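J.: This is the structure I have questions about; it appears just below.
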Amino acid sequence: MKTLTKEIWMDIPQRRAIVSIHNEVERLVDKSGVQDGLVLINAMHITASVFINDNESGLHHDYELWLEKLAPEKPHSQYQHNGYEDNADAHLKRQIMGREVVVAITEGKLHLGPWEHIFYFEFDGKRKKRLLVKIFGE
Amino acid sequence: MKTLTKEIWMDIPQRRAIVSIHNEVERLVDKSGVQDGLVLINAMHITASVFINDNESGLHHDYELWLEKLAPEKPHSQYQHNGYEDNADAHLKRQIMGREVVVAITEGKLHLGPWEHIFYFEFDGKRKKRLLVKIFGE
Amino acid sequence: MKTLTKEIWMDIPQRRAIVSIHNEVERLVDKSGVQDGLVLINAMHITASVFINDNESGLHHDYELWLEKLAPEKPHSQYQHNGYEDNADAHLKRQIMGREVVVAITEGKLHLGPWEHIFYFEFDGKRKKRLLVKIFGE
């Protein structure tokens, strides 16, 4: 069994942003030497997501507006969590977009459909945060 | 280690529909010979979901109305993605229902609760699309 | 390859509640002897979730109000599923919070970020239900 474990640090200057991590995950799968297996990619912070969707800036703008409608940031006073912090909305948004993805590895490559692209979604940035890539297979 | 990798083609005549893939996944687990392991089942397109819930047509109708309320298809002009396409809502709906499920295999069978049933949810059909089954274990 | 399979029974006296299962999962990872691998934790019922987020009661209150806004329980008559049952809202809420989490195991421990905490979210309690922990690795 071969495994590879890698923490990736992010430092997003905005509160919210979508960042491609696709090429970095591809590179790690290549480095692992795994031909047949699985890769788990997850945010290590609870106000961020890893998700797979389209690499298209119009859609990314749509996600921002849509999530802000379903789980608005303001007023901060609408959330009990914000008695301590101002990021309750980030904890909600991340549940819609998800914590993690699990992707198959076949013949040494990410086994993805034609438009699947792996992203990190930051909902409470302006500080250093991590995500995890765990590769497991033969 | 035993693995099985299988792409399944779908061609749904409607824009949106829920289709059972449960028996096909069961058949593939059986064929793999894996007694103890994991199976990943994921949509390979970014306007579809794989999810586990009830095999009950009333609930499937409720999902359709509920998702249309949370992420309405029309007017198409409300989404920037629709400058190029008309399926932005499908990209949003799929985030709520999820890209993938991971299910345990124990004693050669899908290890599921009494009402868990595996479905494919098409949000932008009328064309050929794929999903992936990846089985991994001993 | 080492594996550990464990069903955990829950019996929540309220209709809805968030319950920590973090220490129990930690204990099972320890017991499995797996140093490097994955653990899948999933609800076995389709009206409950397993999710990872903050261990903070204000936020848990926010989740309750937010989910009730996105997928209200009442009136029961708004859902076709409730021709047979009264828990359609529970099937919807569980899709937002998710069925399962997959967590890496590294050096014999859950490989989690500083605030990641594993919870069970019951949306239709007052009866015995199960969740599954499946550990897989070396």
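The values are calculated or read from the model by the stated rules, or taken from the named source; none is laboratory data. Since this is a predicted model, take the numbers as computed values, not measurements. Cβ: placed from backbone, ideal geometry, glycine included. Neighbour counts: every protein chain shown. Quick note on the areas: whole protein, heavy atoms, side chains included, nothing else; ligands and nucleic acids left out. Shrake-Rupley method; radii C 1.70, N 1.55, O 1.52, S 1.80 Å.
J.: State whether the residues of segment B:22-29 include one that is modelled with pLDDT of 95 or more, closer than 29 Å to C:Ala90 by Cα and within 12 Å of the chain's Cα centre (by Cα).
T.: Looking through segment B:22-29, at least one residue is modelled with pLDDT of 95 or more, closer than 29 Å to C:Ala90 by Cα and within 12 Å of the chain's Cα centre (by Cα).
J.: If only one of A:Glu26, A:Glu73, A:Glu7 is farther than 30 Å from B:Met1 by Cα and surrounded by fewer than 22 Cβ atoms within 10 Å (Cβ to Cβ), which one is it?
T.: Just one listed residue meets the conditions, A:Glu73.
J.: Let me ask something additional. Among the numbered criteria (1) within 11 Å of chain C (Cβ to nearest Cβ); (2) within 16 Å of A:Arg16 (Cα to Cα); (3) open to solvent by 20 Å² or more (accessible area, probe 1.4 Å), which one does A:Glu64 miss?
T.: Among (1) within 11 Å of chain C (Cβ to nearest Cβ); (2) within 16 Å of A:Arg16 (Cα to Cα); (3) open to solvent by 20 Å² or more (accessible area, probe 1.4 Å), the lone unmet condition for A:Glu64 is (1).
J.: Restricting attention to segment C:1-24, report how many residues are hydrophobic (A, V, I, L, M, F, W, C) and closer than 22 Å to B:Glu138 by Cβ.
T.: Going through segment C:1-24 one residue at a time, the tally reaches 2.
J.: Next up: In segment C:30-43, how many are over 13 Å from the mean Cα position of the chain (by Cα) and of a type outside the set (Ser, Thr, Tyr)?
T.: Going through segment C:30-43 one residue at a time, the tally reaches 9.
J.: Taking only segment B:100-117 into account, find how many residues are within 12 Å of chain C (Cβ to nearest Cβ), open to solvent by less than 20 Å² (accessible area, probe 1.4 Å) and of a type outside the set (Val, Ile, Thr).
T.: Looking only at that region, the number is 3.
J.: Output the number of residues of segment B:118-129 satisfying the condition of being open to solvent by 30 Å² or more (accessible area, probe 1.4 Å) and closer than 22 Å to C:Val102 by Cβ.
T.: Looking only at that region, the number is 0.
J.: Quick check on my filter: what residues within segment A:74-85 are at the interface with chain C (Cβ under 8 Å from one of its Cβ atoms) and at pLDDT 95 or above?
T.: Passing the criteria: A:Tyr79, A:Gln80, A:His81.
J.: Among the residues of segment A:1-18, how many are of a type outside the set (Gly, Ala, Ser), in a strand (DSSP E or B) and farther than 26 Å from C:Glu100 by Cβ?
T.: 2
J.: Taking B:Ser77, is it over 22 Å from B:Arg127 (Cα atoms), among the polar types (S, T, N, Q) and out of contact with any Ser or Thr (no Cβ under 9 Å at 6 or more places or on another chain)?
T.: In short, yes.
Each row is one residue, and each column tells you yes or no for (1) among the β-branched types (Val, Ile, Thr); (2) within 8 Å of another protein chain (Cβ to nearest Cβ).
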position: A:Ile18; (1), (2): yes, no
position: A:His22; (1), (2): no, no
position: A:Glu26; (1), (2): no, no
position: A:Val34; (1), (2): yes, no
position: A:Gly37; (1), (2): no, yes
position: A:Val50; (1), (2): yes, no
position: A:Asn53; (1), (2): no, yes
position: A:Pro72; (1), (2): no, no
position: A:Lys93; (1), (2): no, no
